[in-house]
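S.K.: Okay, handing you the structure first.
The values are calculated or read from the model by the stated rules, or taken from the named source; none is laboratory data. Since the structure is predicted, the reported quantities are computational estimates derived from the model, not experimental observations. Cβ placement follows ideal geometry from the backbone for every residue including glycine, while neighbour counts extend to all protein chains displayed. Surface accessibility is based on the protein's heavy atoms, side chains included, excluding ligands, DNA and RNA. Shrake-Rupley method; radii C 1.70, N 1.55, O 1.52, S 1.80 Å.
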Amino acid sequence: MKNDLALLVVAFFWGLTFVTVKEAIEFIPPFSFLFCRFSIAFLLLLLISVKKLKNMNLKTLKSGFFIGIFLFLGYAFQTVGLKYTTPANAGFITGLSVVIVPFLSSMILKAKPGRNVIIGIILATIGLLFLSFQEFKISYGDFLILLCALSFAMHIILVGKYSPKMDTFLITTVQIGTVALFSLFFSFTESSFEFNIVILEALIITAIFATVLAFLIQNAAQKHVSPTHTALIFAMEPVFAAVCSYIIISEVFTIRKIIGCLFILLGMIIAEIKINQKFLRE
């Protein structure tokens, strides 16, 4: 029960980030925000794993950097996409990464998707049609979030392929540092900004609670909770995103939108039930 509650707290903070980031990027450009968020997380992880740095090797650096590229793409598409779509849409479409993974893995890792995965993808696709398509075209913001889901799916696959034999803290620290590095590079193309309380609150929630603490809680809890059980709890992330969006910024939910969200959530749950541990998000 204690571990379930801890994982539910992680899902809550991940869901809350969609709203806080949406509000923050009204005042700070997307890549500047990402640089601040992941720089803070990177420094905190360095402090936590400082005693393990002596075990860092070239293989971990290369693997972490490669995986980190897709982690960066995921957050880049997500953060920019949030400028043009709602937190609830972003939460549910990002969740599609769970059902995208098996199809990508079938091409990359030659792992055949099971029947439940195929059913999950069909349901999630129907949900996406209800949620995002208007007059046979997807909205720009939702399209960026869909690219985010594809990027996160690649990240999940690469984590499963490269990280099992490496120190979790070290390879995660390299990934987070990679996101900060690429975010810094792209932030040079953006305009200047001034810090305010909205940006500060978003950075505290995303960098400390949704990145560093979430990572520590997840790794501690998953020593006692099965991967499938963990995945089902994390399916609450887009639900929390929708609830927070409704409460905090009064997002409007039409019947069409609710139907789309329910189909995607159902597809995620069905697809997750049989997914192997190596496909779970780190």
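S.K.: Placing +1 at every Lys and Arg Cβ and -1 at every Asp and Glu Cβ, with all other atoms neutral, what dipole size does the chain have around its Cα centre, in debye to the nearest 20?
M.R.: The dipole of the chain has a size of about 1220 debye.
S.K.: Further question on the same structure: With the full set of protein chains in place, find how many percent of the accessible area of the chain is carbon and sulfur; take the probe as 1.4 Å.
M.R.: Within the chain, the accessible surface is 70 percent carbon and sulfur.
S.K.: Restricting to Cα pairs below 8 Å that are 6+ residues apart, what does the relative contact order work out to for region 1-111? Please round to a whole percent.
M.R.: 41 percent
S.K.: Within region 110-200, how many Lys pairs sit with Cα atoms under 27 Å apart, leaving out pairs fewer than 8 places apart on the same chain?
M.R.: Qualifying lysine pairs in region 110-200: 4.
S.K.: Classify region 1-75 as rounded, prolate or oblate from the Cα gyration tensor: take a ≥ b ≥ c as the square roots of its eigenvalues, call it rounded if a/c is under 1.5, otherwise prolate when a/b beats b/c and oblate if not. Working shown, then result.
M.R.: Values: a/c = 2.04, a/b = 1.24, b/c = 1.65.
Oblate shape, in that a/c is at least 1.5 and b/c is the bigger or equal ratio.
S.K.: Show me the GluC sites (Glu not before Pro) within region 184-224 that DSSP assigns to loop and that have at most 16 other Cβ atoms within 10 Å of their Cβ.
M.R.: Hits after loop and neighbour filter: E190, E194.
S.K.: Sort region 1-148 into rounded, prolate or oblate with this rule: let a ≥ b ≥ c be the square roots of the eigenvalues of the Cα gyration tensor; rounded if a/c is under 1.5, and if a/c is not under 1.5, prolate when a/b is larger than b/c, oblate otherwise.
M.R.: Note, shape of region 1-148 comes out oblate.
S.K.: If the chain between K165 and F185 were fully stretched, how many nm would it gain, using 0.36 nm times the residue separation less the Cα-Cα distance?
M.R.: 4.1 nm
S.K.: Same structure again: Count neighbours as other Cβ atoms within 10 Å of each site's Cβ, and list the trypsin sites (Lys or Arg not before Pro) in region 155-224 that are DSSP loop with at most 14 such neighbours.
M.R.: Numbers: sites: K161, K165, K223; in loops: K165, K223.
The qualifying sites are K165, K223.
S.K.: Suppose R0 equals 41 Å; then what is the FRET efficiency for I48 and I118 from their Cβ-Cβ distance, rounded to the nearest 0.05? Mind dumping the intermediate values first?
M.R.: Values: r = 40 Å, r/R0 = 0.98.
That gives a FRET efficiency of 0.55.
S.K.: Find the accessible area per residue for the chain; the probe is 1.4 Å, ligands and nucleic acids are left out, and the unit is Å².
M.R.: Roughly 48 Å² per residue, with all protein chains present.
S.K.: Mean residue ellipticity at 222 nm from the helices of the chain, using -39,500 (n - 2.57) per DSSP H segment of n ≥ 4 over the full residue count, to the nearest 500 deg cm²/dmol?
M.R.: -23500 deg cm²/dmol
S.K.: Could you grab the relative contact order for the chain? Cα pairs under 8 Å, six or more apart, rounded to a whole percent.
M.R.: 43 percent
S.K.: In region 229-273, whose amide N lies under 19 Å from the spot 7 Å out along Cα-to-Cβ of F133? List them in ranges.
M.R.: 254-268
S.K.: Once you have a ≥ b ≥ c as the square roots of the Cα gyration tensor eigenvalues for region 115-250, tell me rounded if a/c is under 1.5, and otherwise prolate or oblate according to whether a/b is larger than b/c.
M.R.: Rounded, since a/c falls under 1.5.
S.K.: Out of these labelled values of Cα extents along the principal axes in Å, [x] 56, 42, 31; [y] 64, 41, 35; [z] 54, 47, 37, which was calculated from the coordinates shown here?
M.R.: Computed from these coordinates, Cα extents along the principal axes in Å corresponds to label [z].
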